[in-house]
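S.K.: Below is a structure I'd like to ask you about.
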Amino acid sequence: MSHAQFFKGVKGLRPYEKKLEQLDGYLNMSPARGKKIIRELTVLAKKNDNSTLMAVLSIYEGTFLYYIGNNDSALVYFDRAIVEAERINNNQLRSTASIRKLFILHGSKNSAPILTLMKDEFAIARANKDTLNMIYSLNGQALCYDNLDSTKACIAAYMKAIKLAKSSHNNYEYGFLMNNLGLLKLRLNSPEQAVVDLRKSLSIAKKLKNIRLEVTVRENLGYYYTLTDSIDKAIEEYNSTFTLANSRNFDHLAFNSLLNLGFIEHQLGNNERCDSLLNVALNIGRKEKLLYALSPIFITMAQLEMDAGNYPKVNALLDSAQRYETFSSKNDNKEAMYQIRYEMAKQQGNFESALEYYTQLAQFRDSLDRNGHMQMITELQLKYDFQRKEKEHEKEKRQFEAQSSRMRQNIAIGIIVLLLFIGIIIVYYFRGKNKREAAFSAALVNRLEEERGRIARDLHDGLGQSLIILKNKFNKSDPLDATAAQQIDESFSETIEEVRSIARSLIPPELRRLGLRKSLFRMLKDIEDSTSIIASSELEILDEVQLEVADEIRIYRIIQELTNNTIKHSRATSLKVEFERMGNRLQITYQDNGKGLDEARDTNQNSVGMKSIEQRLKYLNGTLRIENPARGFKAVLRIKLKTP
């Protein structure tokens, strides 16, 4: 993915995206063809009054000019893009243009303020989630750190940018970052590590078919081979870069390759070959207006002519070098010009001129030393100020992080305390609610038993007595029909017995009169008398246990429900009820020898009965465990006894 991505998602560009993608491709493959698209889109932008498109085209124009070394013109276009982007309030395009402008300025101005601006751009890009400009601003920071000799910070910025480029799948940016990191390692005398990064970058360039990146990386590989004295390989790489750059009209890159080849040939003593290469480079430089780079060519040519003893031509070449030196922002070549003029005058025996040129050379060197000293002092002061600010910033950052950590810790503790408090309130609420519900249910059951007792008494004392009186009166009257009278008398008897049976089922009168043990004993005896089931029991412990009347009724009803199930469903021939005391609990074991528990039947037919047992056990604070013996049914109930 190349940097065409910078305009993705920008409003107002959708109709032009295809053309912009073509433009981006040409910028990296064949720049001359890209200029034509820029002109076409500029006409459309002006026609449609599209300021967004004008800002994008200004960025591309500035980028193209930077690629060919025309930095001054590139800055003009980046400034235009910034103005347009600010006018339409587009932070993404403004950041893109600003970062590229700062990238040019970092090489010609002091890097400390540029670094600060790059950091500001990174913060803006991060706030806007603009990944691409985050990557480019980190690359700019790394270059500034390199100029400030902050190697550790430089490498850290590169690694951060590389990680971001890889995670966001910006492969072009990943490729050029690996190239930059490799070049840094070359300068740090780590060629073996550098070549790994450069070859990785070359692999990415080939995969993306990005000619510009490939040529740039190959040039740096040539530099690597030069440093490692692999001159043949260096010449091979520079020849490859020249051929590739020349075929795609990357004239500025072809120019650099020719210069490198020419300088190598000069070192090897191949003066004719060197002169030929430099003349080709000179023609390209003049054509492409790479005026800032022409002075070294004329100086090298002058050196060749001096070696040949052609002094008039040396002076002409040095005059040309001096004229083109004015286009350079640095005075790197003046010392070489004074040195050649001094040596040439001395060789000619013109000691007056030799003295004059040597004096100029010494004065220039002194000025360089003075300027160098002043520049060194200034740079050291700036580096010290920058380092001090960095340390203060780190200190403030650590203090802020410590305060934030304490605040987060306090907030976490507060949240935990609040949650615990809420949890305690909820627990107490539900406990109270459960207690209230249990108390209400117990009161309701007690009330239900009382109501049953009242109904039983009313049936026994009221309706039952009335039926007995009616029966007696009827028996004393004169019978009209003996047979009819006999039938009526039997009906009265059956009705009275049914009323008594209902009354006993509602509340057994013997329970209050005889107690729980004797009532249960009588219930089991009635079962033996009315069925073929043998009922046995162990009830003696009940005489030693104190139970409330309501609890005795509940236990009685539970045993009554269990025996009813045995009689109705189990086909048992015997049953047994056993009471045992186990500490503070009363254990009731009920079992029969019937056909056992049929889950399908019991869950459908007897679920109400079992639920009534469980509900009564709940009020007794008891538990129920159903067991499945080899034959029959077995239930174990445990009831917690109340402390007297």
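S.K.: In vacuo Debye scattering of the range 168-242, one point per C-alpha: log10 I(q)/I(0) at q = 0.21, 0.24 Å⁻¹?
M.R.: Taking Cα atoms of the range 168-242 as identical point scatterers yields -0.83, -1.03.
S.K.: Let me ask another. What share of Cα pairs, in percent, lie more than 20 angstrom apart in the range 108-169?
M.R.: Tail fraction, whole percent: 21.
S.K.: Place the peptides 83-96, 583-596, 616-629, 168-181 in order of packing, highest mean first, counting for every residue the other Cβ atoms within 10 Å and averaging per peptide.
M.R.: Sorting 83-96, 583-596, 616-629, 168-181 by mean packing, highest first, produces 168-181, 83-96, 583-596, 616-629.
S.K.: Filter the cross-link list K233/K346; K18/K101; K11/K206; K166/K289 down to pairs whose alpha-carbon distance in this structure exceeds 29 Å.
M.R.: Too far apart for the 29 Å limit: K233/K346; K11/K206; K166/K289.
S.K.: Please report the spacing between the Cα centers of the range 268-283 and the range 34-102 in Å, no decimals.
M.R.: Using only Cα atoms, the two centres lie 38 Å from each other.
S.K.: A further question on this structure: Give the peptides 183-189, 401-407, 539-545 in descending order of average Cβ contacts within 10 Å, highest first.
M.R.: The most tightly packed comes first, giving 183-189, 539-545, 401-407.
S.K.: Can you give the charge dipole size of the range 170-257 about its Cα centre, rounded to the nearest 20 debye, using +1 on the beta carbon of Lys and Arg and -1 on the beta carbon of Asp and Glu?
M.R.: Value, rounded to 20: 320 debye.
S.K.: I want to check the label-to-label distance for I541 and D366. Put each point 7 Å from Cα in the C-beta direction and report it in nm to one decimal.
M.R.: 12.1
S.K.: Let me ask something else about it. State the antiparallel share, in %, of DSSP beta bridges confined to the range 514-601, rounding to the nearest 5.
M.R.: In the range 514-601, DSSP labels about 60 percent of beta bridges as antiparallel.
S.K.: Right, here's the next one. Rounded to two decimals, what is Rg over Rh for the range 514-640 when you use alpha-carbon atoms and the Kirkwood radius?
M.R.: Radius of gyration relative to Kirkwood radius: 0.94.
S.K.: Per residue of the range 397-413, in order, report the coupling 6.51 cos²θ - 1.76 cosθ + 1.60 (Karplus, θ = phi - 60°) as ³J(HN,Hα) in whole Hz, putting x for Gly and Pro.
M.R.: Using θ = phi - 60°, the values come out as 5, 5, 5, 4, 5, 5, 5, 4, 5, 4, 4, 4, 5, 5, 5, 4, 4 Hz.
S.K.: Charges on Cβ only, +1 for Lys and Arg, -1 for Asp and Glu, centred on the Cα centroid of the range 1-105; of A85, I99, L13, which one is farthest towards the dipole's positive end?
M.R.: Final value for the positive-end residue is L13.
S.K.: Work out the length of the dipole vector of the range 9-77 about its Cα centre, built from +1 on the beta-carbon of each Lys and Arg and -1 on the beta-carbon of each Asp and Glu, and round it to the nearest 20 debye.
M.R.: 280
S.K.: Still on this structure, I have one more. Can you tell me the convex hull volume per residue for the range 1-105, based on C-alpha atoms, in Å³ to the nearest whole number?
M.R.: Dividing the Cα hull volume of the range 1-105 by its residue count gives 91 Å³.
Computed from the coordinates by the stated procedures, all read-outs in this text should not be read as laboratory data. Because the structure is predicted, anything quoted here is derived from the model rather than measured. Cβ sites come from the backbone with ideal geometry, for glycine too, and all protein chains shown count toward neighbours.
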